[in-house]
1. Check LYS185: other-chain or 5+ apart residues with amide H under 5 Å from its amide H, H built from backbone geometry?
2. Which whole-Hz couplings ³J(HN,Hα) result when phi for each residue of the range 85-97 is put into the Karplus expression 6.51 cos²θ - 1.76 cosθ + 1.60, θ = phi - 60°, listed in order with x for Gly and Pro?
3. Taking θ as phi - 60°, what are the ³J(HN,Hα) couplings along the range 110-127 by the Karplus curve (6.51, -1.76, 1.60), each to the nearest whole Hz, with x for Gly and Pro?
4. Each label point is 7 Å from the Cα along the Cα-to-Cβ direction; what then is the distance between the points at ASN175 and THR63, in nm?
5. Given the pairs LYS96/LYS185; LYS96/LYS179; LYS127/LYS185; LYS127/LYS176, which span a C-alpha to C-alpha distance of over 18 angstrom in this model?
6. Output wanted: per-residue J couplings in Hz (rounded whole) for the range 135-151, from phi through Karplus 6.51 cos²θ - 1.76 cosθ + 1.60, θ = phi - 60°, x for Gly and Pro.
7. Mind checking which lysines have their C-alpha under 22 Å from LYS56, skipping anything on the same chain fewer than 8 residues away?
8. Using modelled amide H (1.01 Å from N, peptide plane; none on Pro or chain starts), what sits under 5 Å from the amide H of LEU118, excluding residues fewer than 5 places away?
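Read the figures in this text as sums done on the coordinates, not as results from a lab. In this text the structure is predicted, and so the values were computed from the model without any measurement. Counting neighbours? That spans all protein chains shown, and the Cβs are built from the backbone with ideal geometry, glycine included.
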Amino acid sequence: MRTTTTRIAGAGFAAAAAMALSIGPAFAADGSVSANLRPVAGNGVQGSGTAMVDVKGDTITVTMAANGLLPDNPHAAHIHFGASARHECPILSDDKNGDGHLNTTEGGPAYGDIVVSLTKTGDTSPKSGLAIDRFSTAPGGKIAYQRGSIKVSSAVAQAISAGESVVVIHGVDYNKDGKYSGATKSDLMPSLPTEATDPALCGALRAAPVGGMHTGGGLAADSVKTGGQNEALTLLGGGALLAAAGTGAFAARRARSRA
Ligand SMILES: [Cu+2]
């Protein structure tokens with residue numbers, strides 16, 4: 001008896017979840033997400049930054065500022081996403097080979113694959129992930145980047161809007177010799193030293209506003225968003241509520257709207 005009840009309840013939830021998923025695309029993926037970029041654990045970078053992504057349909061605009069990077073060397077930068085990734089920046093326990101640093105592959109379980117290459121010109125697909133001549137060289141250790149009209153798949157657009165993607169800027173200098181060097185080869189491209197591709201700064205793109213990115217009018221915009229989301233949740237019912245409850249952004253909004 002008990003088993004049957006459980007099965008029925010389980011099926012009910014599965015149906016609700018499936019409904020939420022199938023209804024998903026009807027809600028435009030439009031939205032804004034932002035991230036505070038922080039040093040990747042173990043990789044010796046003392047820098048920071050911010051990134052903001054506006055999603056409109058299947059097109060995104062990316063605004064990014066960062067400092068504390070190895071100056072005058074190309075820094076590959078991407079939006080990463082993986083459906084089964086943690087949607088986070090990697091932590092030291094992701095250091096599989098135990099060398100004390102996190103290479104790009106070791107960060108995979110946290111942030112997934114490259115889905116957008118933040119090149120200055122030309123192609124922005126994952127194929128340009130290591131198009132070193134089209135990324136910023138960080139003069140003075142700083143990157144100031146903005147690019148619009150970046151086409152992505154609707155799956156990627158939705159993942160970004162849902163707060164599941166992560167910005168990563170690559171390129172570190174472990175031995176502090178002012179260039180990409182060292183005996184360890186890159187996990188992505190063996191012709192390069194690992195310094196050239198290891199992740200330097202990282203930030204998870206979330207719907208919550210980031211300090212310093214929004215000036216004036218931020219509160220009003222956020223209230224509008226909160227209203228919209230509550231409405232969507234009411235329409236979708238329990239399945240979506242359960243799914244949304246897993247995200248910190250949702251919890252924060254809920255707390256705020258209660259206060
Ligand atoms: Cu990357």
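1. When sequence neighbours closer than 5 places are left aside, the close amide H contacts are THR194.
2. With the stated coefficients, the range 85-97 comes to 6, 7, 6, 9, 7, x, 10, 4, 6, 7, 6, 4, 8 Hz.
3. Each residue's phi maps through the Karplus curve to give 7, 10, x, 8, 5, 10, 9, 9, 8, 6, 7, 9, x, 4, 10, 6, x, 4 Hz.
4. So the two model labels end up 4.1 nm from each other.
5. Long pairs (Cα-Cα over 18 Å): LYS96/LYS179; LYS127/LYS185; LYS127/LYS176.
6. Each residue's phi maps through the Karplus curve to give 9, 5, 9, 6, x, x, x, 10, 10, 10, 10, 8, 8, x, 6, 8, 7 Hz.
7. LYS120, LYS151, LYS225
8. Residues meeting the criterion, in which the H sits 1.01 Å from N, are ALA77, HIS78, ILE79.
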